[in-house]
Amino acid sequence: MRLTATSMQAAPSPSAIEPVPAETPEFEIRARSGWVAIDFKELLHYRELLYFLTWRDVKVRYKQTVLGFAWAIIQPVMTVIIQTVIFGTVAGFASRLPQELKDRQIPYSLFNYAGVLAWTLFATGVGSGGTSLMNQQNLLTKIYFPRLFVPTSVIAAAMVDTLISLAMFFVLMACYRVVPPWTIVLIPALLLMTALAAMGMAYVMASLTVTYRDFRFLLPFMVSTWMAISPVGYPLDPHRQWIRWLLRLNPMYGIINAFRSALLKQHWDFPGLAIAIAEVGAILLFGLYYFKKTERRFADIA
C-alpha cells in the first residue's frame, strides 16, 4: 500500500486527540437522622429483592420433596391430631370449651386448629427468622443489600404456608358443617399482626445469633417454652380471672384468642386484644431498633 502525503497529513496524530474527561459520580455519605436510621426509600428501591428472597425460601423448603406444598397442610393437621388426643381426650380439655362454642357444637379439633394456625406462623417466623442471618453469612460478607430483608423474607414465606393451612381449616369447617361468621374478614389483619410480632422477635434473635452463636441453641427452647404459656391447645377456666390477666402479658394470648373469635365466633376478649396490639407494636419497634443498631458489624462477625 502506498501512502500519499495528502493522506498522511489528513490523519491526526495521537497527541492531537484530546481525551474526553469521564464523568465520575460523586457520593456523599451522611449519618441518617432518626431514632433507628431506617432508609425507607432504600427498602422501597430493593422491594423486588424481597420478593425473590421470599420465593427462594418457598422453593428451597419444598425442593426435592415428594409431597411438596402438601407439607404445609400435613404439619398443622398432625399437630392438631396429636394435641386433640393428648389435650382433648386424655387431659379432658374437650369438655372445658367455652359455653358459646358448646352451644354451636364446635368440635375441639377446630378450636385447637384455630390456635395452631396463629402459633405456627409465629413460631416458624421466630425460629427460622432468628437463624436466617447466620445461615446467610456468605451473602452478608459479599454484597450490600438491606439486611432487614433476610428475616423478613423467611416470615413472608411462612405466611404462604399459613394461607394454605387456612384453606384446609375452611375445608374442615365444611366437613363439620360449621358456618363461618362474618368476622372472618378480620383474618388478614390478624395474620398481619402475627407476622409483625414474629418480625420483631426475629429481628432481635437474628441479631443475637450473629453476635452470640449460643442463641441458636437457646432459640428452640425459647419457642417451646413460649408455646407452653400460650393457650394453643387448652381453654382457660372462666372463673380464674387472675390467670387470664397474667397470660395477657403474653402477646400471643390475645392473638390466638382473636383468631378463635374471628373463625369460630368465640367471645371477643377486647382488653386482651388491645394489650396484644400494644405489645406487638413495642416488640416490633424494639426489634427494628436493635437490628439497625447492630447491623453495621454483621459483615465483620458473620
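Using θ = phi - 60° in the Karplus curve 6.51 cos²θ - 1.76 cosθ + 1.60, the 3J(HN,Hα) couplings for the range 247-259 round to 6, 5, 5, 8, x, 6, 4, x, 5, 5, 5, 5, 4 Hz; x is entered for Gly and Pro. Count the net charge of all other residues whose Cβ sits under 11 Å from the Cβ of Leu101, scoring Lys and Arg as +1 and Asp and Glu as -1. Residues close to Leu101 contribute a combined charge of +3.
As a quick test, which of the pairs Lys63/Lys142; Lys41/Lys142; Lys63/Lys265; Lys59/Lys142; Lys59/Lys265; Lys41/Lys292 have an alpha carbon distance above 27 angstrom in this structure? The answer is Lys63/Lys265; Lys59/Lys265. Listing Tyr113, Tyr144, Tyr290, Tyr253 from fewest to most neighbouring C-beta atoms within 10 Å gives Tyr144, Tyr290, Tyr253, Tyr113.
Sequence-ordered 3J(HN,Hα) estimates for the range 97-113 from the Karplus curve with 6.51, -1.76 and 1.60 and θ = phi - 60° stand at 5, x, 4, 5, 6, 5, 5, 8, 6, 7, x, 5, 4, 5, 4, 5, 4 Hz, glycine and proline given as x.
In sequence order, the range 202-207 has phi-based couplings of 5, 4, 5, 5, 5, 5 Hz under the Karplus curve 6.51 cos²θ - 1.76 cosθ + 1.60, θ = phi - 60°, and Gly or Pro positions carry x.
Values in this text are rule-based calculations from the coordinates and carry no lab data. None of the values given here were measured: they were computed from a predicted structure. Using ideal geometry, Cβ is built from the backbone for each residue, glycine included, and neighbour counts are taken over all protein chains shown.
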